[in-house]
Structures are given as C-alpha cells and as structure tokens.
Amino acid sequence: MGKEEILQEIEDMSVKDLADLVEMIEERFNVSAAAMAPVAVAAAPGAAGSGADAGEAAADSYKVVLTNPGQKKIQVIKEIKEITGKGLKECKDLVDNLPATIKEGVGADEATSLKEKLEAAGAEIELKQ
C-alpha cells in the first residue's frame, strides 16, 4: 500500500476512528502526536521535570466553538451529531444558539480535525484554549 492510498484511507475515516488510530500509533511507536502540534512544541522547551506534564496538558486542551453555521446548516447539524453523538434536536439547538461549544477538552490534533470537518460542511469554527 502506497502513501497516497494510506492518506485516502485516513480521509475516509470517522473522527472517532482517527482518534483511535492516533492512540494506536502513539502506543506502538512510543511517540506523542501532541509533540508535533505547534502549541505543544512551543510549551515544551520551557517546561522541565514533573511540571512538563502539567504544562503540556494545559497547552493541549482545546474547545471547539461554532461561531456561524454558514449556508449549509443541515449539513453542519449532521456533522455535529456525528461528532458529539447527541440527538438531532440537541444539535440543532447548538447551531441556533451561537456561539456554541461543540466539544471541549480535546487535543490539538483532534481540535484541528474537527475544525476542518465542520468548515468543510460550511461552518465557521474557533479553537480556544
């Protein structure tokens, strides 16, 4: 399987499957995906000892906030339903009461992935720490 085929498989995965894949890669290769995120890399040089874990955890906790559903409101509601596992009414209420927190306490990679997915559906998203 070539690199392009692997990337295509990754593009077709759900957010949950991607999160599981990242965990599996981290465990198998003894690496941390958070270390590749710009925020985590910026925080790492100043941290030392046991304080490094606390500083990295704080720097790697994001809130995904919907600021505008855009023109494809129904598609955005469907994406939020898939992401959160909530019912359609709850997801519609989130979209109707902006700004709305879609998910919080997520890592940089997951937050970026969710942002891209929701923006592809037409939404405007902010990532907040």
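Each reported figure results from applying straightforward, stated rules to the coordinates on display, with no laboratory input. In this text, all values refer to a predicted model and were calculated from it rather than measured experimentally. Ideal geometry is used to build each Cβ from the backbone, glycine not excepted, and the neighbour counts take in all protein chains shown.
Quick check: pseudo-label points 7 Å beyond the Cα along Cα→Cβ at Glu126 and Lys3, how many nm apart are they?
In this crude label model, Glu126 to Lys3 measures out at 3.7 nm.
For Glu124, what residues show an amide H to amide H distance below 5 Å, using hydrogens built from the backbone and excluding near sequence neighbours?
Those qualifying (amide H under 5 Å, at least 5 residues apart or on another chain) are Thr67, Asn68, Gly70.
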